[in-house]
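One structure is given here, and the rest of the page talks about it.
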Amino acid sequence: MKTAYDAGVNFFDNAEGYEAGKSEKIMGEAIKNLGLSRDTFAVSSKVFWGGTQKMQLGLSAKHVRDSCDLALKRLQVEYLDLYYCHRPDIDTPIEETLRAMHNLILQGKIIYWGTSEWSAQ
């Protein structure tokens, strides 16, 4: 990460589903150990696969919020620059997911949100 940062890379992507959150934890430790100033890099995470229990999957308002809180803790940052819905969730009304993302913005936990691997539909 230091080599990339020193070469000008300033955006670091992650997801709750990457190694069951362990990759976020490793990245958080690296950010802390490198002493990176928060205003010099952007970090993102993705929500969908948080665990094996029903409440740890998908894009329900509860899971979106819980997942964000866990990502912030693992990454050791106060906010995410970008938070992605990793996959569409046919079991959750899109309005519920939109409300959850909007609430995270209002709470200062995320700046932007988007989608990853969604069709144009």
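Structure notes:
- Flag if residue 65 is over 26 Å from residue 5 (Cα atoms) and in a helix (DSSP H, G or I): yes
- Under the condition of being in a loop (DSSP other than H, G, I, E, B) and without any contact (Cβ under 8 Å) to a residue 60 or more places away in the chain, the residues counted in the stretch 68-97 number 11.
- The stretch 49-62 residues that are among the small types (Gly, Ala, Ser) and at pLDDT 95 or above, paired with ones that are surrounded by fewer than 18 Cβ atoms within 10 Å (Cβ to Cβ) and not in a loop (DSSP other than H, G, I, E, B) (beta carbon under 6 Å, 6 or more apart): 61/96
- Sole residue being under 30 Å from residue 121 (Cβ atoms), at pLDDT 95 or above and of a type in the set (Lys, Arg), chosen from 74, 99, 38: 99
The values are calculated or read from the model by the stated rules, or taken from the named source; none is laboratory data. Nothing here was measured: the structure is a model prediction, and the numbers come from that model. Note: ideal-geometry Cβ built from the backbone for every residue, glycine included; neighbour counts use all protein chains shown.
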